[in-house]
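Below is one structure, written out as structure tokens; the observations come after it.
The values are calculated or read from the model by the stated rules, or taken from the named source; none is laboratory data. Bear in mind that the values here come from a model prediction, so they are computed numbers and not experimental data. Backbone-built Cβ (ideal geometry, glycine too); neighbour counts: all protein chains shown.
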Number of protein chains: 4
Amino acid sequence: MSPRADVTEQRTAQIIAAASEIVADNGLDALRMDEVAERTGLSKGTLYLYFRSKHDLSLAMLERVLQRELDTVEGISATAATAEHALREFVDAVIRDIQMITRLMPISYGFLSIAFRNRQVQRALKKYLRRYIDSLTPIIRSGIESGEFQEVDPEEAAIAVAAVVEGTMLLWIYDRSMIDPARHIRSGIEHLLGGLKQ
Amino acid sequence: MSPRADVTEQRTAQIIAAASEIVADNGLDALRMDEVAERTGLSKGTLYLYFRSKHDLSLAMLERVLQRELDTVEGISATAATAEHALREFVDAVIRDIQMITRLMPISYGFLSIAFRNRQVQRALKKYLRRYIDSLTPIIRSGIESGEFQEVDPEEAAIAVAAVVEGTMLLWIYDRSMIDPARHIRSGIEHLLGGLKQ
Amino acid sequence: MSPRADVTEQRTAQIIAAASEIVADNGLDALRMDEVAERTGLSKGTLYLYFRSKHDLSLAMLERVLQRELDTVEGISATAATAEHALREFVDAVIRDIQMITRLMPISYGFLSIAFRNRQVQRALKKYLRRYIDSLTPIIRSGIESGEFQEVDPEEAAIAVAAVVEGTMLLWIYDRSMIDPARHIRSGIEHLLGGLKQ
Amino acid sequence: MSPRADVTEQRTAQIIAAASEIVADNGLDALRMDEVAERTGLSKGTLYLYFRSKHDLSLAMLERVLQRELDTVEGISATAATAEHALREFVDAVIRDIQMITRLMPISYGFLSIAFRNRQVQRALKKYLRRYIDSLTPIIRSGIESGEFQEVDPEEAAIAVAAVVEGTMLLWIYDRSMIDPARHIRSGIEHLLGGLKQ
DNA sequence: TATGAATGAGACTTCATTCAT
DNA sequence: CATGAATGAAGTCTCATTCAT
């Protein structure tokens, strides 16, 4: 018999939050159920009332992080006058949330190597990318239709935009002193926009 | 180099190769000294004659992988007639090695989340990115000097190029059916080139 | 008995029945209070209102099973014309209930190894055997008195009968394809009868 | 890489012996890898060099016990002049080893309830019974051929003999004060012999 | 240089039991 | 009477590392 819905929801969130803190601080490798218990103030046994296994908890954590990042991505685009403006708004939104994004990066990046083998992780990442690209493609498409942009493949262009944003964040991990996410995302996107425009 | 050093070097390479196979197949999490011993045909004790710890072995493995990828990147650019050609050659080289690159991705990506905390990993990745960008920047610069490209910040542009390449590979992990590395790297770089050119 | 006592009795029986199902299906090892709660539709806390501990519940379950088997054994013998007929009736009764007996065997057999150490289990099994043998002995004795049987020790002979019946069931567990309980109990008892008769 | 053959054999035997002591003393439920480690003076990790799991160790222990009991059963029958003598020798051998048999009973009996569900345990017990019966059947058959015994089904009779022996041991667990293994096995077999003989 | 048996800390997970409501 | 969330001791198993030979 599972706990009452409201308690469940609260506990679930509480546990995921604690796990996320740990992973953000020390990496996915350092995630220990013991420490999750300690940080939540719950007992180890209680964790298992809410998550069948550590793997389940990890997955829930990944899904929450991806959802949060999608909130940033999907929260734009509706109102901008031109496609160019919409893309700039998208970039602004990403940069506005950059603190949170970088804070949570150890979580999603911790799953990357697992993604090669784990179906559930694959599914989560796949869904994430689908929604990510599906947010950007209509912007590109409207730009083409309005004559702002050249006649490119809209999804290809959306993928290029995503690649610049995500790729820059990736390079930032490689060298945090060399890459300035805000500046380099912005300049990368500007170059891309230059190529897209007529 | 004395014969003994030769043996050492050979053993070292052999151990790294075995470890790389394991990680390429099953991820960094699945790297076990036991299995390295089994695959090399050496005893577990012997591994520790060549590497102080598993961590040292991992690091050596990372460095070899990054070096290999740099071989691809640094092996170009000298002869091309124009900057545009040079960049296209770079893209061609990357795509030519795409099989090997994707094969080795679980290795480098396995270290990403570790990079947030581990100095040695940071140093290796930093050096890698430095050389990566240092290979691309002169191409951009020569393009500017020749009047092919606009007056952009050469390093910023190089970072944009790297972001497109690396970002596309990253997105490929998210959804291997949606992203076609060759096609999407090429189209991304073309869009970028469009923005760089006069 | 007050109504409350009725409820108690009913709940108790319900809990024992659920536990018995679990053990019959999956063995004593697989008995979990969680699952008893689930199967009864009661909460885990409630189980402890009716049984002080899991051990108490187990013991109650064992006693019920042994009682059921005694019902088979003790339900005979009164009316038969000869001792030989009475023993054959006993065998018939056992074979008639063989389905139920084999179904419940994981329960009683689950306690066998515990019987070496646990006083309460010992007492339950001891009482069971006493009543079992006490059902058979008078039959043998009457057979001796009537001149049907030789002058054997009646209890020894009763134990031999019980050993054949219980031993055959035991061998059936060893190899269910080799032993046919009905056939082999019958033939074993026939051989024994041949030895007992003048 | 598994340990050297001689060490392996010795360690394996040592571990099984320690486990057997524990189970003989306290039952299969009480078998803890921790305690096996303690009693052998080995570390917990070492146990897992020789047995993949606790279950594997348990099974090896079961097989050794069954083999030991078969040694008693199979070690007879070759030389006796008559079938009757051969069966008596068999009984004598069992009774001679009764101390060891009863000592080891918690081991084999601990597996009985598991036998309902576990294939490996089933296989071990099945093989045991097969060999047990295959030792007795030729004796019965020779008794029939020599005219000593009636024309019974030899395997049925062998099963009856085994049922008396094993069944008596089983009843002994039910009530150790009521059953005297030596006496009751002997008397049970004598009654059976009476029925078998012409 | 090489071995491989041994270690033991530490990870995950289970489950009987309690207790505030 | 009844609940069910919470507990935490206890168990199995893994694996990097060591060391005597």
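Whether a residue is of a type in the set (Asp, Glu), in a helix (DSSP H, G or I), outside the structural domain of B:LEU28 (by TED's automatic domain parsing) and over 18 Å from A:GLY167 (Cβ atoms) was assessed, and B:ASP134 does not pass this test. Filter the range D:123-133 down to the residues that are of a type outside the set (A, V, I, L, M) and within 8 Å of chain C (Cβ to nearest Cβ), then identify the one that is surrounded by the fewest Cβ atoms within 10 Å (Cβ to Cβ). Step by step, filter the range D:123-133, then rank; the result is D:ARG130. Candidates are the residues of the range A:79-107 that are of a type in the set (A, V, I, L, M, F, W, C) and part of a loop (DSSP other than H, G, I, E, B); the one that is farthest from the chain's Cα centre (by Cα) is A:ALA81.
The number of residues in the range A:100-120 that are more than 10 Å from every other protein chain (Cβ to nearest Cβ) and in contact (Cβ under 8 Å) with a residue 60 or more places away in the chain comes to 4. The requirement of being more than 30 Å from A:ASP29 (Cα to Cα) and either surrounded by 17 or more Cβ atoms within 10 Å (Cβ to Cβ) or at pLDDT below 95 (or both) is not satisfied by A:PHE116. If the condition is being among the β-branched types (Val, Ile, Thr) and within 12 Å of chain D (Cβ to nearest Cβ), then the range C:134-166 contributes C:THR137, C:ILE140, C:VAL152, C:ILE159, C:VAL161, C:VAL164, C:VAL165. Of all the numbered requirements in (1) in the same structural domain as A:PRO181 (by TED's automatic domain parsing); (2) within 12 Å of DNA strand E (Cβ to nearest atom); (3) not polar (S, T, N, Q), A:ALA93 misses one, and that requirement is (2). Of all residues in the range D:33-50, which are part of a loop (DSSP other than H, G, I, E, B) and either within 8 Å of DNA strand F (Cβ to nearest atom) or on the phi > 0 side of the Ramachandran plot (or both)? D:GLY41, D:SER43 - these are the residues of the range D:33-50 that are part of a loop (DSSP other than H, G, I, E, B) and either within 8 Å of DNA strand F (Cβ to nearest atom) or on the phi > 0 side of the Ramachandran plot (or both). Number of residues in the range A:27-43 that are within 11 Å of DNA strand E (Cβ to nearest atom) and within 14 Å of chain B (Cβ to nearest Cβ) equals 4. All of C:LEU136, C:LEU171 fail the test of being within 29 Å of D:ASN26 (Cα to Cα) and buried (at least 18 other Cβ atoms within 10 Å of the Cβ), apart from C:LEU171.
Which of the residues that make up the range B:185-195 are within 18 Å of the chain's Cα centre (by Cα) and within 7 Å of chain A (Cβ to nearest Cβ)? Hits for the range B:185-195: nothing passes. Which residues, taken from the range C:160-198, are in contact (Cβ under 8 Å) with a residue 24 or more places away in the chain and closer than 24 Å to D:SER113 by Cβ? Once the filter is applied, which keeps residues that are in contact (Cβ under 8 Å) with a residue 24 or more places away in the chain and closer than 24 Å to D:SER113 by Cβ, the range C:160-198 yields C:ALA162, C:VAL164, C:VAL165, C:MET169, C:TRP172, C:ILE173, C:PRO181, C:ALA182, C:ILE185, C:GLY188. Can you name the residue in the range D:1-18 that is touching a Phe, Trp or Tyr at 6+ places or on another chain (Cβ under 9 Å) and within 14 Å of another protein chain (Cβ to nearest Cβ) and is also surrounded by the fewest Cβ atoms within 10 Å (Cβ to Cβ) among such residues? Looking at the filtered set, the residue picked out is D:SER2. Report yes if B:GLU190 is among the acidic types (Asp, Glu) and under 25 Å from A:ASP153 (Cα atoms), otherwise no. Yes; evaluated as a whole, the condition is true for this residue.
Of all residues in the range D:97-135, those satisfying the criterion of being under 20 Å from C:GLY110 (Cβ atoms) and of a type in the set (Gly, Ala, Ser) are D:SER108, D:GLY110, D:SER113, D:ALA115, D:ALA124. Scanning the range B:108-131 for residues that are over 18 Å from B:SER53 (Cβ atoms) and in a loop (DSSP other than H, G, I, E, B) yields a count of 1. For the range A:59-78, does any single residue satisfy the condition of being within 15 Å of DNA strand F (Cβ to nearest atom) and either not in a helix (DSSP H, G or I) or not small (Gly, Ala, Ser) (or both)? Scanning the range A:59-78, I find no residue that is within 15 Å of DNA strand F (Cβ to nearest atom) and either not in a helix (DSSP H, G or I) or not small (Gly, Ala, Ser) (or both), so the answer is no. Residue-level check: of (1) among the hydrophobic types (A, V, I, L, M, F, W, C); (2) outside any loop (DSSP other than H, G, I, E, B); (3) within 7 Å of another protein chain (Cβ to nearest Cβ), C:MET178 misses just (2).
The set of residues from the range B:20-32 being free of Cβ contacts under 8 Å to residues at least 24 places away in the same chain and either within 8 Å of DNA strand F (Cβ to nearest atom) or in a loop (DSSP other than H, G, I, E, B) (or both) comprises B:ALA30, B:ARG32. Looking for something within 16 Å of DNA strand E (Cβ to nearest atom), of a type in the set (D, E, K, R) and more than 12 Å from chain B (Cβ to nearest Cβ) - is there at least one such residue anywhere in the range A:54-76? Yes, the range A:54-76 contains at least one residue that is within 16 Å of DNA strand E (Cβ to nearest atom), of a type in the set (D, E, K, R) and more than 12 Å from chain B (Cβ to nearest Cβ). Flag: C:VAL36 matches the condition of being in the same structural domain as C:GLU9 (by TED's automatic domain parsing) and either more than 12 Å from the chain's Cα centre (by Cα) or surrounded by 15 or more Cβ atoms within 10 Å (Cβ to Cβ) (or both). D:ALA83 passes every criterion in (1) within 16 Å of DNA strand E (Cβ to nearest atom); (2) in contact with a Gly (Cβ under 6 Å, 6 or more places away or on another chain) apart from (1).
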